[in-house]
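One structure is given here, and the rest of the page talks about it.
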Amino acid sequence: IQPLMPLLYVNWGVGFVFQLVALSCLLGITALKWFPRHSSRRQAISETLDSDSRQRPLSRLLMVLVCMAFLLQYLANSGLWVYFDRIGLLAGHSHQNSANILALGAGMALVGTGLAVALTPRLGIRTAIIVISLVMAVASLGLLGAENYLLFATSILVFNVMITLVTPFYFLLLLHLSVSPGKSALLGNLCMMAGFASGPYLIGRLSGGDNFITATYVTSAMFLVSALIVLVTVTLSDRHVAVGQAL
């Protein structure tokens with residue numbers, strides 16, 4: 001419902017939107033009974049880890065590394081995303097021109113979701129996360145030239161597509177490394193929510209509200225570091241953990 005948010009805010013108020021989101025979450029709980037509790041592949045993973053107690057600390061380390069990468073990803077994308085309008089105004093664009101791109105960018109998030117559905121079965125997790133992170137790093141740097149409206153618009157549109165495209169791959173990576181689907185989903189959502197809550201504060205502190213050059217470089221660096229962490233994690237998994245063959 002993200003593209004409809006401005007319309008809902010104007011006609012129904014912020015309170016109604018939060019109640020709608022909460023209701024959607026409650027309705028989502030009803031789908032839990034259709035999720036599998038166990039799978040033969042996860043049982044095999046569990047038996048493999050149980051057979052070699054030395055792999056258990058490594059498995060935990062891999063989960064921690066993925067959570068760090070996921071948190072960095074959402075610190076970066078949510079932090080800068082909140083200030084797109086401010087960046088456009090500082091670059092000299094009118095409120096209306098900035099709002100037009102932001103509205104279109106929200107719609108492009110749906111494109112990212114569609115691409116995720118289509119590409120997830122076809123792309124390797126490591127390749128997808130690294131490539132998308134690199135694209136987001138470049139899109140962030142594109143905002144340094146926000147005075148050029150075409151570059152400003154392109155950076156925002158690409159950025160919004162990539163946010164929803166990369167997220168399923170992080171959840172898949174957590175799922176592959178965990179013997180508990182519920183635990184991997186919980187950890188993934190905690191990383192997302194922590195990033196959502198902390199990213200805007202971090203970028204706000206770095207920018208002071210009127211100079212986003214340093215914040216943009218830091219954001220781009222966080223995307224690159226998250227990609228590097230994923231590369232290291234999957235490499236370790238390939239060498240030492242049986243699930244690495246699936247990544």
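Structure summary
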| item | result |
| --- | --- |
| Residue within the stretch 152-159 that is crowded, with 22+ Cβ neighbours inside 10 Å, free of Cβ contacts under 8 Å to residues at least 24 places away in the same chain and of a type in the set (Ser, Thr, Tyr) present | yes |
| Any hit, the stretch 146-159, residues being in contact with a Cys (Cβ under 6 Å, 6 or more places away or on another chain), closer than 30 Å to residue 236 by Cα, of a type in the set (Phe, Trp, Tyr) and modelled with pLDDT of 90 or more | no |
| The stretch 172-195 - residue that is surrounded by 18 or more Cβ atoms within 10 Å (Cβ to Cβ) and of a type in the set (S, T, N, Q) and, of those, modelled with the lowest pLDDT | 178 |
| Residue count for the stretch 79-101, restricted to those that are of a type in the set (S, T, N, Q) and crowded, with 20+ Cβ neighbours inside 10 Å | 1 |
| Selection count where residues are touching a helix residue (DSSP H, G or I) at 6+ places or on another chain (Cβ under 6 Å) and either closer than 26 Å to residue 65 by Cα or loosely packed, with under 13 Cβ neighbours inside 10 Å (or both), scope the stretch 116-144 | 15 |
| Residue check, residue 198 surrounded by 23 or more Cβ atoms within 10 Å (Cβ to Cβ) and either touching a residue at least 60 places away in the same chain (Cβ under 8 Å) or in a helix (DSSP H, G or I) (or both) | no |
| Residues satisfying the stated conditions in the stretch 88-116, i.e. under 16 Å from the mean Cα position of the chain (by Cα) and either touching a residue at least 24 places away in the same chain (Cβ under 8 Å) or farther than 14 Å from residue 168 by Cα (or both) | 105, 106, 108, 109, 110, 111, 112, 113, 115, 116 |
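Listed here are the residues, each with its yes/no results for (1) of a type outside the set (Val, Ile, Thr); (2) within 30 Å of residue 204 (Cβ to Cβ); (3) at pLDDT below 90.
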position: 107; (1), (2), (3): yes, yes, yes
position: 110; (1), (2), (3): yes, yes, yes
position: 126; (1), (2), (3): yes, no, yes
position: 139; (1), (2), (3): yes, yes, no
position: 143; (1), (2), (3): yes, yes, no
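The values are calculated or read from the model by the stated rules, or taken from the named source; none is laboratory data. Because the structure is predicted, anything quoted here is derived from the model rather than measured. Here Cβ is always computed from backbone atoms with ideal geometry, including for glycine, and neighbour counts include all displayed protein chains.
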